[in-house]
Amino acid sequence: MEHKEYIAGRICELVDMTKDELMKVMEVPPDSKMGDIAFPCFILAKKMRKAPPMIASELLEKIKDDNAFEKVEAVGGYLNFFFNRKEFIESVMKKVKDSNGEFAKSQEGKGKTVLVEYSSPNIAKPFHIGHLFSTAVGNSLARIYAYLGYDVQRLNHLGDWGTQFGKLISAYKRWGVREVIEKDPINELLKIYVKFHEEAEKEPSLEDEAREYFKSLENGDKETTELWQYFRDVSLKEFKRVYDMLGVSFDSYAGESFYGDKMQEVVDILDEKGLICESDGAKVVMLDELNVPPCIILKSDGATIYATRDIAAALYRKREYDFEKNIYVVGTPQALHFKQIFAVIKKAGFDWADNCTHVGFGLVKFPDKKLSTRHGDVVFLEDVLNESIQKTLDIITNNNPDMENKEEVATKIGIGAILYTFLKNSREKDIVFSWDSMLDFEGESAPYVQYSYARGRSILRRCEIDYSEADFSLATSDEEYELVKQINMFGSAISDAAAKNEPFYINRYVTNLARCFNKFYNNYPILKSDVDDETKKARLALVDATTQVIKSALLLLGIETVESM
């Protein structure tokens, strides 16, 4: 039984509100002693012209004999419902068992496409720690929407075009050595790029040379195009190595260059609709009605800018994918940019602009500056991942020197610790990077949740009892009931995460699930000899369900589980 829906149906028969309206206002009390679901009668006071406590009492008289509940109470202006514990636990356990490891997975998005643009590093530039914010959030959102049944397209909008490539071509032709670059592509390309800027300060004519090279590239010159393609290929090879470490993949790597021949259409559409006007020689779309600056479409020299490319990309994506949602996981400082381009698309008569969403995120801060990196002020993401793996391996070796597969376990825990940190709070909050909290096996961390999973799997491996048919009337204590209630909330956590594009709802959920599990385990040791077999069966079934859901939740965050720690 879906208790919340059932309660809404019962109340719906008695008041002038729809079932959906009632379900939206129902609450989970902060203390289980106050019930499992509470209905606030305050929202009916104006309609019924009665005090909320009186409404609660009247509704109680009509509902109190319903055998679906252990009891119903009217307290103040609330109607509190207490579920029948045995029936509730049986119901949830059956759903978990029948889900085959995919509890709360749904098909609500069937036939609908969601685009998630994320990561988007610049070609020939360092893949630094800041890129992980977009990568972690985007990867998690893609997994969440896929779990809800949507056709998810993962887009990596690479920064692979612009005048900087003219500079890089000039630098390569002067100082580049292919054999040296291929040993460490990003670092070596960065070196010659930096050298170009240093030399250009002494010899300004280099800037003119770079502009000429980029112009040649735009005109499709064979030599410059081949060099550009080479820079792109070696950069992607490096990026993919890091993506493989993170378990991240993409369906498209179409970057800025892909839309080069699609921008004139944007100008033509906006011109035809009379939206373009001139401002200091530039062509812009005015957005005074939104109280935001004009959106520049063409600069005074006739060149396009990011806005033009992003509008062209949105038009292409709508035609190509006919998306239900088009999500851009890009830093919060770009909020105005996206507000402008969405507004321009809407003014051009494309109402699907309302389905385009900017998902912003904060900054990464390093209070102690103690990250070991050989790249000066640039903190390479790969260095951070490797350092986390090594620190985890040191902890495991110190605590469990004889453990098998230490390196594999350290890799999953070390990378999981980083991802968890980037997803543990609302994405718009800045992250303060701290190894101590990140690798804390007893605090709010990935290792804590992963250890809870491993502990559960260890219990199941050591057990020699078939618990497929369990009597859940033997597992209705407060701790067991709270654990099952937490398991049952997984679907709500997924829905909240998708509705708000906030993976931290999943993160918070799975952390609370691990806490409930550990409280249950500490109060009710399962494998003790004085526990009878029938009780063991019920408790083992709870352990099995818990580990299944922990694994599913962590995977939605991009974090892998380990079977032992």
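The values are calculated or read from the model by the stated rules, or taken from the named source; none is laboratory data. Keep in mind the model is a prediction, meaning the values are calculated, not measured. When we count neighbours, we look across all protein chains shown, and the Cβ atoms used for this are built from the backbone with ideal geometry, even at glycine.
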Quiz item: What pairs come up if the first residue lies in the range 160-184 and is among the acidic types (Asp, Glu), the second is in a loop (DSSP other than H, G, I, E, B), and their beta carbons are under 8 Å apart, counting only those six or more places apart or on different chains?
Solution: ASP160/ILE123; ASP160/GLY255
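Have a look at LEU290, LEU227 and point out the one that is of a type in the set (A, V, I, L, M) and surrounded by fewer than 17 Cβ atoms within 10 Å (Cβ to Cβ). Spell out how you get there, then give the answer.
Numbers: LEU227 fails: surrounded by fewer than 17 Cβ atoms within 10 Å (Cβ to Cβ).
One residue alone meets the criteria, LEU290.
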Exercise. Could you run through the range 369-395 and say how many residues are at pLDDT below 60 and loosely packed, with under 13 Cβ neighbours inside 10 Å?
Key: 5
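Taking the range 375-397 as the region of interest, how many residues are free of Cβ contacts under 8 Å to residues at least 12 places away in the same chain and within 21 Å of VAL449 (Cβ to Cβ)?
1
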Self-check item: In the range 1-53, the residues that are within 23 Å of GLY491 (Cα to Cα), small (Gly, Ala, Ser) and in contact with a helix residue (DSSP H, G or I) (Cβ under 9 Å, 6 or more places away or on another chain)
Solution: ALA8, GLY9, SER32
Quiz prompt | Answer residue from the range 140-166, given it is among the aromatic types (Phe, Trp, Tyr) and assigned to a loop (DSSP other than H, G, I, E, B) and is modelled with the highest pLDDT among those | solution = TYR150
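Can you name the residue in the range 92-106 that is hydrophobic (A, V, I, L, M, F, W, C) and assigned to a loop (DSSP other than H, G, I, E, B) and, of all such residues, is farthest from LEU542 (Cα to Cα)?
Among them, the one singled out is ALA104.
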Quiz item: Restricting attention to the range 1-17, and to residues there that are surrounded by fewer than 14 Cβ atoms within 10 Å (Cβ to Cβ) and closer than 20 Å to GLU58 by Cβ, which single residue is modelled with the lowest pLDDT?
Solution: ASP16
Quiz item: Among the residues of the range 97-104, is any more than 30 Å from ILE186 (Cβ to Cβ), buried (at least 23 other Cβ atoms within 10 Å of the Cβ) and without any contact (Cβ under 8 Å) to a residue 24 or more places away in the chain?
Solution: no
Self-check item: Of residues in the range 18-46 being more than 19 Å from ILE487 (Cβ to Cβ) and in contact (Cβ under 8 Å) with a residue 40 or more places away in the chain, the one surrounded by the most Cβ atoms within 10 Å (Cβ to Cβ)
Solution: PHE39
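Here are some residues: ASP496, ASP530. Which one is of a type outside the set (A, V, I, L, M, F, W, C), without any contact (Cβ under 8 Å) to a residue 12 or more places away in the chain and either closer than 27 Å to LEU246 by Cα or assigned to a helix (DSSP H, G or I) (or both)? Break it down stepwise before answering.
On the way: ASP530 fails: either closer than 27 Å to LEU246 by Cα or assigned to a helix (DSSP H, G or I) (or both).
Criteria check complete, one pass: ASP496.
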Exercise. Within the range 526-555, track down each residue that is within 16 Å of TYR467 (Cβ to Cβ), out of contact with any Gly (no Cβ under 9 Å at 6 or more places or on another chain) and not charged (D, E, K, R).
Key: ILE526, LEU527, VAL531, THR535, ALA538, LEU540, ALA541, LEU542, ALA545
Quiz prompt | Out of LEU287, LEU336, sole residue that is under 32 Å from the mean Cα position of the chain (by Cα) and closer than 22 Å to LYS500 by Cβ | solution = LEU336
Quiz item: Do you know which of the residues in the range 266-278 that are more than 35 Å from the chain's Cα centre (by Cα) and under 16 Å from LYS347 (Cβ atoms) is surrounded by the fewest Cβ atoms within 10 Å (Cβ to Cβ)?
Solution: GLY274
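Residues are listed down the side, and each one gets a yes or a no for (1) part of a helix (DSSP H, G or I); (2) within 26 Å of GLU408 (Cα to Cα); (3) among the aromatic types (Phe, Trp, Tyr):
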{"site": "GLY491", "(1), (2), (3)": "yes, no, no"}
{"site": "ASN507", "(1), (2), (3)": "yes, yes, no"}
{"site": "LEU513", "(1), (2), (3)": "yes, yes, no"}
{"site": "CYS516", "(1), (2), (3)": "yes, no, no"}
{"site": "ILE526", "(1), (2), (3)": "no, no, no"}
{"site": "GLU534", "(1), (2), (3)": "yes, no, no"}
Exercise. Scan the range 456-476 and give yes if some residue there is at pLDDT 90 or above, surrounded by 17 or more Cβ atoms within 10 Å (Cβ to Cβ) and within 22 Å of SER140 (Cα to Cα), otherwise no.
Key: no
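Being more than 14 Å from ARG10 (Cα to Cα) and touching a residue at least 12 places away in the same chain (Cβ under 8 Å) is the filter here, so list the residues in the range 47-67 that pass it. Can you show your working first?
Let us first name the residues in the range 47-67 that are more than 14 Å from ARG10 (Cα to Cα), namely 47-55, 57.
Hits for the range 47-67 are LYS47, MET48, ALA51, PRO52, PRO53, ILE55, SER57.
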Exercise. Can you run down the residue pairs with Cβ atoms below 6 Å, 6 or more apart or on separate chains, where the first is in the range 223-241 and within 21 Å of LEU132 (Cα to Cα) and the partner is part of a helix (DSSP H, G or I) and modelled with pLDDT under 95?
Key: VAL234/PRO185; GLU238/PRO185; GLU238/ILE186
